[in-house]
Amino acid sequence: GESVGLHLPTLSVQEGDNSIINCAYSNSASDYFIWYKQESGKGPQFIIDIRSNMDKRQGQRVTVLLNKTVKHLSLQIAATQPGDSAVYFCAENPYSGAGSYQLTFGKGTKLSVIP
Amino acid sequence: DAGVIQSPRHEVTEMGQEVTLRCKPISGHDYLFWYRQTMMRGLELLIYFNNNVPIDDSGMPEDRFSAKMPNASFSTLKIQPSEPRDSAVYFCASSFRAAAGYTFGSGTRLTVV
């Protein structure tokens with residue numbers, strides 16, 4: 001699918017190593033953040049989320065870290081596997097009032113796993 | 001649950017023709033979103049609905065684009081007339097409130113020649 005930008009940041013990682021994908025968000029009022037994975041020809045798939053009252057959340061092989069001071073979000077993937085090769089997007093919900101719910105997506109980072 | 005279902009999967013049309021993209025959200029979800037994805041601009045929110053009511057359509061590029069949600073299980077995005085610059089992958093996504101992010105469909109790849 002057309003998920004790769006002309007100047008999409010790329011991260012190449014050896015299989016079995018840990019991956020760290022970074023994201024800088026723009027809105028200090030954002031209260032909810034999500035990481036998505038998009039494989040070629042498919043829609044983005046939810047990986048893990050975190051709310052602004054937390055600074056760390058763990059899932060299966062994935063950890064999301066949130067640093068509100070510098071508006072930075074990171075996704076850590078442990079023991080990276082070939083199936084992890086995809087484009088990863090961070091998304092933020094720039095809260096703007098009760099009932100408002102819409103996500104703004106970053107440009108994405110392409111992760112390539114070297115067997 | 002079959003997930004969010006979009007049709008058609010691919011659409012090739014001539015400039016000036018009307019294009020209609022369709023989406024069936026996950027049953028029980030009360031939010032529905034239409035996104036457009038291109039290489040240059042990434043994922044852009046076009047419009048979203050809450051309980052079938054359009055909430056924010058500020059992302060709709062121009063009057064050639066329109067979206068409807070006649071009931072909780074169906075939405076359409078229409079482009080009339082289509083132009084080559086509309087070529088992109090269009091995604092529909094749905095969510096139950098803000099509980100756990102969106103679930104995306106597989107997208108419709110639109111090519112306008």
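The values are calculated or read from the model by the stated rules, or taken from the named source; none is laboratory data. Please read these numbers as outputs of a predicted model, since none were measured by experiment. Don't worry about glycine lacking a Cβ; one is built from the backbone with ideal geometry, like all the others, and counts go over all protein chains shown. Please note that ligands, DNA and RNA were not included when accessible areas were found on the heavy atoms of the full protein model with its side chains. Shrake-Rupley method; radii C 1.70, N 1.55, O 1.52, S 1.80 Å.
State in Å² the accessible area per residue of the protein assembly as shown; use a 1.4 Å probe, count heavy atoms of protein chains only, and round to the nearest integer.
That works out to 48 Å² for each residue.
What does the charge dipole of the stretch A:1-79 about its Cα centre add up to, to the nearest 20 debye, if the Cβ of each Lys and Arg holds +1 and the Cβ of each Asp and Glu holds -1? Don't skip to the answer; put the middle values down first.
On the way: 8 positive and 7 negative charges, 52 e Å.
With Lys and Arg at +1 and Asp and Glu at -1, about 260 debye.
Excluding B:Ser75 itself, what net charge comes from residues whose Cβ is under 12 Å from its Cβ, given Lys and Arg +1 and Asp and Glu -1?
Net charge in that neighbourhood comes out at +4.
Strictly greater than 24 Å: what percent of every Cα pair in the stretch B:1-105 meets that?
On the way: 969 of 5460 pairs.
Looking at the stretch B:1-105, the distances longer than 24 Å represent 18 percent of pairs.
Which value, in square angstrom to the nearest 100, describes the accessible area buried between chains A and B on both sides, using a 1.4 angstrom probe?
The contact between B and A buries close to 2000 Å².
On the protein heavy atoms, probe 1.4 angstrom, tell me the percent of accessible surface of chain B carried by carbon and sulfur.
Exposed carbon and sulfur together represent 50 percent of the surface.
Rg and Dmax in Å for the protein assembly as shown, alpha carbons only: what are they?
17.6, 51
Let me confirm one metric for peptide B:35-45, namely the mean number of other chain beta-carbon atoms within 10 Å of its residues' beta-carbons.
Partner Cβ neighbours, averaged per residue: 5.
Could you tally the net charge around A:Leu65, taking each other residue with its Cβ under 12 Å from the Cβ of A:Leu65, Lys/Arg +1 and Asp/Glu -1?
Neighbourhood net charge equals +2.
Expressed as a whole percentage, what fraction of the accessible surface of the stretch A:41-115 belongs to carbon and sulfur atoms when a 1.4 Å probe is rolled over the protein heavy atoms?
Numbers: 1840 of 3650 Å².
Carbon and sulfur: 51 percent of the exposed surface of the stretch A:41-115.
Could you work out the relative contact order of chain B, using alpha carbon pairs under 8 angstrom and six or more residues apart, expressed as a whole percent?
Reported relative contact order: 37 percent.
With loop defined by DSSP as not H, G, I, E or B, and exposure as at most 10 other Cβ atoms within 10 Å, which is the longest segment of chain B clear of exposed GluC sites (Glu not before Pro)? Each step should come with its number before you reach the end.
Working: sites that count: B:Glu14, B:Glu62.
Looking at chain B, B:63-113 is the longest stretch - no exposed GluC sites (Glu not before Pro) with at most 10 other Cβ atoms within 10 Å.
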